[in-house]
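Report on one structure; see the data block that follows.
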Amino acid sequence: LRLMLEELFGARPRFKEFLFGYPLLVVGLARLRGAGTPTAADARPWLLGGLVAYISVVNTFAHAHTPIDISVLRAFHGLWLGLLAGFLLNVVIRRLQRSG
């Protein structure tokens, strides 16, 4: 999977960004502003998990041996893939909540 992502995008995004951090951040932000009466306390675990994305981006740029253009590309792909995954996760969660 790593090789496929690298071949597809030129620089593979970090898994913890696009499969964990950004999706949790999107769900947390949706809970803050979402339908019904979500509380800030309900969103906190999601938002705390979302911090992983930002920590990972900082770590991406901390690697002195990696060219800056590769780091920017990795961060960009992590962001858009993570936001897409987050929106899809949010849809799934909302549907499960409605059916349950």
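Every number in this text was worked out from the coordinates using simple rules, so none of it is lab data. These figures come from a predicted structure and were not determined experimentally. Every residue, glycine among them, receives a Cβ derived from its backbone with ideal geometry; neighbour counts consider all protein chains shown.
Once the Cα atoms are used to define both axes, helix 68-99 deviates from the longest principal axis of the chain by about 20 degrees. Between the Cα long axis of helix 22-33 and the first principal axis of the chain there is an angle of about 30°, rounded to the nearest 10. Using the Cβ atoms and a cut-off under 15 Å, what net charge is assigned to the surroundings of residue 25, where Lys and Arg are +1 and Asp and Glu are -1? Summing Lys/Arg as +1 and Asp/Glu as -1 gives +3. Would you mind counting up the charge near residue 10? Only other residues with Cβ under 14 Å from its Cβ, with Lys and Arg at +1 and Asp and Glu at -1. Overall, the nearby charge balance is 0. Across the chain, Cα pairs under 8 Å and at least six residues apart give a relative contact order of 40 percent. Each stretch of four or more DSSP H residues adds -39500 (n - 2.57); spread over every residue of the chain, this sum gives -25500 deg cm²/dmol at 222 nm.
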